[in-house]
1. Among the residues of the stretch 6-14, is there at least one that is exposed (fewer than 12 other Cβ atoms within 10 Å of the Cβ), at pLDDT 95 or above and not β-branched (Val, Ile, Thr)?
2. Hey, can you tell me all the residues within the stretch 91-102 that are open to solvent by 70 Å² or more (accessible area, probe 1.4 Å) and either out of contact with any Asp or Glu (no Cβ under 8 Å at 6 or more places or on another chain) or closer than 15 Å to Ala63 by Cβ (or both)?
3. Restricting attention to the stretch 57-72, and to residues there that are among the aliphatic types (A, V, I, L, M) and free of Cβ contacts under 8 Å to residues at least 24 places away in the same chain, which single residue is surrounded by the fewest Cβ atoms within 10 Å (Cβ to Cβ)?
4. Residue by residue through the stretch 107-125, note down the ones that are open to solvent by 60 Å² or more (accessible area, probe 1.4 Å) and free of Cβ contacts under 8 Å to residues at least 40 places away in the same chain.
5. I need the full set of residues from the stretch 39-56 which are exposed (fewer than 15 other Cβ atoms within 10 Å of the Cβ) and in a strand (DSSP E or B), in order please.
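The values are calculated or read from the model by the stated rules, or taken from the named source; none is laboratory data. The model shown is predicted, which means the values in this text are computed figures rather than measured ones. Positions of Cβ are backbone-derived with ideal geometry, glycine not excepted, and every protein chain shown enters the neighbour counts. Accessible surface is based on the protein model in full, side chains and every heavy atom, while ligands, DNA and RNA are left aside. Shrake-Rupley method; radii C 1.70, N 1.55, O 1.52, S 1.80 Å.
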Amino acid sequence: MNSLRIARAALRARPAAIRSVQQRRTYAEAVADKLKLSLSLPHQTIFKSQDVVQVNIPAESGAMGVLANHVPSIEQLKPGLVEVIEESGNPKQFFLSGGFAVIQPKNVLSINAVEGYALEDFSPEAVRAQIDEATKVANGNGSEQDIAEAKIELEVLEALQAALK
């Protein structure tokens, strides 16, 4: 008799459980709303609660496009290209060395990074030269610390080189 009461209680609770699952969002819907973007570096604020249409970010879990009404989440960013598409349709591209993106309710996106520069500020030739230099150190007989730093530098420079192509 106890098991029958438990089963009835489960049946009564089931519609509420289904209702809450159906109300939960699982993906971004493309709507006319704007996204409020804040992109901050320790020494500079690039965007401060500016309305934008979309932001493409290089998340550790994979490249991701963020639109208004996106599911809230926190994403670790790997070195790569952040593309901001403004209301006018103009894309602005920035290379970030890594950081975090926090997607909050009410169409708020905050990106915090240690370093970031406009993509047009980079010279492909200078990047290639730095890659050659870092490769020599990474493959050389330097200290463990020098080799580790060179490998990190290579990761960032190779991501930058790919973004410049």
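1. Residues of the stretch 6-14 that are exposed (fewer than 12 other Cβ atoms within 10 Å of the Cβ), as a first pass: 6-14.
Within this subset, residues satisfying the condition of being at pLDDT 95 or above are none.
No; the residues of the stretch 6-14 include none that is exposed (fewer than 12 other Cβ atoms within 10 Å of the Cβ), at pLDDT 95 or above and not β-branched (Val, Ile, Thr).
2. In the first step, residues of the stretch 91-102 are kept if they are open to solvent by 70 Å² or more (accessible area, probe 1.4 Å); the result is 91-92, 100.
Across the stretch 91-102, the qualifying residue is only Pro91.
3. Applying the first criterion (among the aliphatic types (A, V, I, L, M)) to the stretch 57-72 yields 57, 59, 63-64, 66-68, 71.
The next check asks that each one be free of Cβ contacts under 8 Å to residues at least 24 places away in the same chain; those that pass are 63-64.
Numbers: Ala63: 12, Met64: 17.
If we take residues in the stretch 57-72 being among the aliphatic types (A, V, I, L, M) and free of Cβ contacts under 8 Å to residues at least 24 places away in the same chain, then Ala63 is surrounded by the fewest Cβ atoms within 10 Å (Cβ to Cβ).
4. Initially, the stretch 107-125 is screened for residues open to solvent by 60 Å² or more (accessible area, probe 1.4 Å), giving 112, 114-115, 117, 120-121, 124-125.
Hits for the stretch 107-125 are Tyr117, Glu120, Asp121, Glu125.
5. Here is the first cut: in the stretch 39-56, the ones exposed (fewer than 15 other Cβ atoms within 10 Å of the Cβ) are 42-45, 48-49, 51.
Scanning the stretch 39-56 gives Gln44, Thr45, Lys48, Ser49, Asp51.
Here is a yes/no grid of residues against (1) among the aromatic types (Phe, Trp, Tyr); (2) open to solvent by 60 Å² or more (accessible area, probe 1.4 Å); (3) within 16 Å of Val53 (Cα to Cα):
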{"residue": "Leu81", "(1), (2), (3)": "no, no, no"}
{"residue": "Ile85", "(1), (2), (3)": "no, no, yes"}
{"residue": "Gly89", "(1), (2), (3)": "no, no, yes"}
{"residue": "Gln104", "(1), (2), (3)": "no, yes, yes"}
{"residue": "Val127", "(1), (2), (3)": "no, no, no"}
{"residue": "Glu158", "(1), (2), (3)": "no, yes, no"}
